[in-house]
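The values are calculated or read from the model by the stated rules, or taken from the named source; none is laboratory data. Everything quoted here is computed from the prediction, not taken from an experiment. Every residue, glycine as well, gets a Cβ built from its backbone with ideal geometry; the counts of neighbours run over all protein chains shown. Note: accessible area is taken over every heavy atom of the protein model, side chains too, but ligands, DNA and RNA are not part of it. Shrake-Rupley method; radii C 1.70, N 1.55, O 1.52, S 1.80 Å.
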Amino acid sequence: MNNEAVPLHPAEAVDTFACCLLHPCHRSPQPRPMSDDLFDTIVSLSKQRGFIVQSSEIYGGLSATYDYGPMGVELKRNVKEKWWQSMVYQNDDIVGLDASIMMHPKTWDASGHTEAFNDPLIDDKASGNRYRADELIENYIRALREEGEEAHAEAVRERLVEALNAGEEMNDALHAIIMDEEIPAPESGAFDWTDVRQFNLMFETEMGPVDGQKVFLRPETAQGIFVNFHNAREPARLHVPFGVAQIGKAFRNEIVARQFVFRMREFEQMEMQYFVKPGTELDWYEQWKERRMKWHESLGIDPSNLRFHEHDQLSHYANAAVDIQYDFPIGWKELEGIHSRTDYDLSRHEEYSGKKMSYYDPWEEERYTPYVVETSTGLDRTLFMVLCDAYYEEEVKGDTRSVLQFHPEVAPVRAGIFPLTDKEGLPDIAREIEDDLNQHFNVRYDDRGSMGKRYRRQDEAGTPFCITVDFDTLDDQTVTVRDRDTMEQDRVAIDQLATYIFDQTANWEASA
């Protein structure tokens with residue numbers, strides 16, 4: 001261990017013992033801002049460091065749409081790759097698919113979206129703002145619990161569950177709760193509501209130049225898998241149980257679209273539909289629940305910030321459903337849904353298309369329509385979770401250090417490469433290291449500003465390792481590698497850098 005090879009920024013000049021007290025291991029929980037501050041901090045940092053920005057910002061922005069900048073697109077790509085590796089490459093009974101965004105309109109008739117893909121909405125007459133009625137009540141219940149009124153909160157929750165399962169009477173039942181509890185509008189504080197109404201969330205467009213056919217932008221990616229049940233199964237020679245995975249864009253005309261990338265009108269889903277024999281679906285459902293929770297933890301997420309949440313209202317197609325929730329700065333919110341969808345989807349598409357969607361089991365010598373266990377993750381929400389969970393602040397020698405403690409495998413940049421000065425060929429050596437390491441993972445060359453400022457930039461971007469080429473490099477062909485989390489430094493031979501970083505990444509995984 002060598003902490004003197006590179007001149008340190010004053011905030012970095014802490015001895016090894018102090019580092020160990022601050023960071024007993026890479027994965028120890030770090031202090032974060034309070035939730036109210038964390039949300040604003042993540043939004044600001046996302047723009048400043050090129051993760052996520054408002055779409056069409058120069059024109060004032062387009063509500064609930066966001067663009068991913070240079071760092072954000074790398075983070076997004078790494079999370080998708082980690083999901084695909086875990087879901088497809090590590091399972092010999094799961095294959096991939098990339099279905100079209102626009103599908104035949106009958107697809108959405110069969111799935112029930114044209115009739116029932118609605119949100120219960122209510123308007124505040126004072127401000128004109130529109131809210132989801134069920135979320136207003138959920139937030140009210142949360143506030144009651146925070147005030148210690150547990151019995152009252154539970155009574156309202158029971159009424160909400162009854163309302164959500166009231167069928168055609170749901171709107172009136174939700175409205176009655178809001179009126180009886182005198183729930184005010186969040187922004188205006190007024191208590192002057194319209195009735196609760198249903199609003200369909202699908203985007204509608206036309207295909208063709210003149211009097212075109214009405215089509216929809218898909219509100220979910222799952223239906224593309226169901227209509228391709230045979231097209232995916234037969235060429236891959238798959239037998240039940242098997243799965244089909246897909247990552248793709250979906251579109252929902254959300255009226256209430258706030259809270260950064262948590263709820264957007266254009267978003268990306270990572271879904272897998274697992275087809276099983278009827279009667280075995282609940283066993284598979286339990287297995288996928290546990291596997292999906294472990295995957296989120298594998299991103300480096302603090303397990304205490306994750307939980308299962310059973311559905312109070314089952315969708316008409318499901319016989320079991322649970323959400324994996326994360327404790328966002330905006331509260332516990334859905335991150336992923338795991339659903340036992342029965343045979344609803346395949347049966348409906350068989351009915352509407354007239355094509356057989358059943359499966360013949362050659363070993364059991366029987367034909368049946370498979371049941372489906374679904375895992376559906378919001379990619380944008382996952383990235384929001386990763387940003388929130390990775391962020392922490394600490395004081396080092398009177399200076400505040402802000403860090404994104406990403407898992408190295410999802411970090412947008414695995415290593416920063418710094419020449420100590422622009423003299424004696426140090427930049428040339430640094431560029432050679434950049435070219436070599438870029439064959440293994442994404443690295444970033446940086447020669448601007450002091451060493452301390454370079455470290456701070458990489459800390460805020462979540463870069464796990466910083467490599468400094470100094471004058472000693474000219475003599476012994478070694479460089480200094482600084483660890484983001486502990487700020488400790490090692491001297492490493494240039495020809496061993498890739499191996500060193502891979503080993504450190506494996507150690508990070510082992511201690512997570």
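Structure above, values below:
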item: Members of the stretch 388-413 found to be open to solvent by less than 10 Å² (accessible area, probe 1.4 Å) and out of contact with any strand residue (DSSP E or B) (no Cβ under 7 Å at 6 or more places or on another chain), listed by number; result: 396, 406, 407, 408, 410, 411, 412
item: Residue satisfying all of: in the stretch 203-259; in a loop (DSSP other than H, G, I, E, B), open to solvent by 10 Å² or more (accessible area, probe 1.4 Å) and among the polar types (S, T, N, Q); nearest to residue 355 (Cα to Cα) among these; result: 228
item: Criterion (closer than 30 Å to residue 43 by Cα and surrounded by fewer than 15 Cβ atoms within 10 Å (Cβ to Cβ)) met by exactly one of 331, 337, 279; result: 331
item: Residue match in the stretch 479-494 (condition: crowded, with 19+ Cβ neighbours inside 10 Å and at positive phi); result: yes
item: Count of residues meeting criterion [open to solvent by 50 Å² or more (accessible area, probe 1.4 Å), over 28 Å from the mean Cα position of the chain (by Cα) and either in contact (Cβ under 8 Å) with a residue 24 or more places away in the chain or within 18 Å of residue 113 (Cβ to Cβ) (or both)] in the stretch 185-197; result: 4
item: Unique match (being polar (S, T, N, Q), open to solvent by 10 Å² or more (accessible area, probe 1.4 Å), under 27 Å from residue 270 (Cβ atoms) and modelled with pLDDT of 95 or more) among 369, 463, 382, 375; result: 369
item: Any hit, the stretch 110-122, residues being in a helix (DSSP H, G or I), without any contact (Cβ under 8 Å) to a residue 60 or more places away in the chain and out of contact with any Leu (no Cβ under 6 Å at 6 or more places or on another chain); result: yes
